[in-house]
1. Pull out all pairs, ordered by first then second residue, where Cβ-Cβ is under 6 Å, the residues are six or more apart or on different chains, the first lies in region 273-297 and is under 12 Å from T227 (Cα atoms), and the second is outside any helix (DSSP H, G or I) and modelled with pLDDT under 95.
2. Would you call C68 touching a residue at least 24 places away in the same chain (Cβ under 8 Å), closer than 16 Å to F163 by Cα and either within 17 Å of the chain's Cα centre (by Cα) or surrounded by fewer than 23 Cβ atoms within 10 Å (Cβ to Cβ) (or both)?
3. Six or more apart or on different chains, Cβ atoms under 6 Å: show the pairs whose first residue is in region 112-125 and over 22 Å from C96 (Cβ atoms) and whose second is of a type in the set (S, T, Y).
4. Would you point out the residue of region 237-264, among those that are modelled with pLDDT under 95 and polar (S, T, N, Q), that is surrounded by the fewest Cβ atoms within 10 Å (Cβ to Cβ)?
5. Out of the helices (runs of 4 or more DSSP H) lying entirely within region 91-182, which hold 3 or more residues that are in contact with a strand residue (DSSP E or B) (Cβ under 8 Å, 6 or more places away or on another chain) and not basic (K, R)?
6. Quick one: what pairs do we get from region 162-191, first residue over 27 Å from N297 (Cα atoms) and in contact (Cβ under 8 Å) with a residue 12 or more places away in the chain, second assigned to a loop (DSSP other than H, G, I, E, B) and hydroxyl-bearing (S, T, Y), C-beta under 9 Å, 6+ apart or different chains?
Amino acid sequence: MDKPIVTVIVPVYNDEKRIADCISTICEQNSSSFILDVIVVDNGSTDSTFEIASTFPVKYENVEVVRCMTPGSYAARNYGISMSRGSFFAFTDSDCLVSKNWIESNLAKFKNFDGNTVLAGEVEFYREDGKSTEQSAIDFENTFSMKQEENANNGKCITANFFCSRLLFDKCGTFDDSLKSGGDIEMSSRVVQNGGRVVYNHQALVKHPSRNVRELIVKRKRIIGGTWDSSLSKASLKERIKFCVLLLKTFLGRSKKIVLETNFSLPRKMSIVLLLFNIFAVSIFELISLSLGKASNRQ
């Protein structure tokens with residue numbers, strides 16, 4: 001039986017410090033049961049990312065580096081899909097490091113399901129060398145971020161660790177490239193709406209660097225912008241207020257979890273709650289700015 005071709009698509013924008021490590025872990029994983037095909041899609045980087053990535057096809061003949069100038073990681077992913085030859089697709093981000101058996105474990109798991117399935121692999125946070133990361137940010141990430149088992153149970157999957165077959169895109173379509181954030185959630189939700197499923201795969205591990213406070217705030221602005229673009233920009237005032245109430249409930253619920261359910265010391269609890277309030281406040285101010293005509297963040 002012929003080995004399946006698995007295309008790994010990595011969108012990247014201004015990540016010159018991490019793209020090389022990401023590509024290396026992808027190319028150096030175990031690949032005895034499949035043919036590896038890697039497409040790195042530079043999304044208009046203004047630093048040295050494209051030049052660094054372009055050195056990899058010399059070292060690894062199965063790596064292709066292309067450019068997609070349409071802003072947004074989902075536009076970049078769709079461009080990679082359009083150029084691919086794989087019967088399976090694996091997605092991760094340029095700041096991630098994949099495990100040795102990342103694809104092999106997904107292929108083994110996928111044998112139990114049909115083509116209308118997304119596998120949501122595990123995401124684990126690590127402290128990145130050479131970067132100042134506050135303890136509150138690490139605690140926040142480990143407590144609340146990228147919970148793939150929970151995501152899968154809710155019919156969702158993030159593209160830091162997203163595996164599927166080509167048949168899935170043939171049936172459900174590709175990512176909504178008009179979205180700057182949340183396109184992975186929209187896509188996986190669309191799969192479920194079309195009768196598919198999202199399945200958690202603990203063995204398919206990807207490591208993600210913990211963001212610091214500044215990066216968490218930037219991402220929050222991007223998430224709010226993505227929500228605005230996809231739904232809130234055309235929503236009624238009542239629906240917008242309802243969304244703000246949801247943000248408040250999330251802040252209060254997470255704060256309660258930190259105070260009552262974690263084993264952190266009192267100072268660490270206070271630092272996390274302060275960060276949660278900061279994220280809530282930034283979300284509200286970003287919504288106000290968007291309603292006054294500000295463009296959503298592109299990355």
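The values are calculated or read from the model by the stated rules, or taken from the named source; none is laboratory data. Worth saying up front: this structure is predicted, and the values here are computed from it rather than measured. Neighbour counts run over all protein chains shown; Cβ positions are idealised from the backbone, glycine included.
1. S296/K180
2. Values: touching a residue at least 24 places away in the same chain (Cβ under 8 Å): yes; closer than 16 Å to F163 by Cα: no; either within 17 Å of the chain's Cα centre (by Cα) or surrounded by fewer than 23 Cβ atoms within 10 Å (Cβ to Cβ) (or both): yes.
No; evaluated as a whole, the condition is false for this residue.
3. G115/S165
4. N263
5. On the way: elements: 102-110, 135-144, 148-153, 166-172.
Per the criteria, 102-110, 135-144, 148-153.
6. That search, which allows pairs on different chains as well, returns S165/S87; R166/S84; R166/S87; L167/S87.
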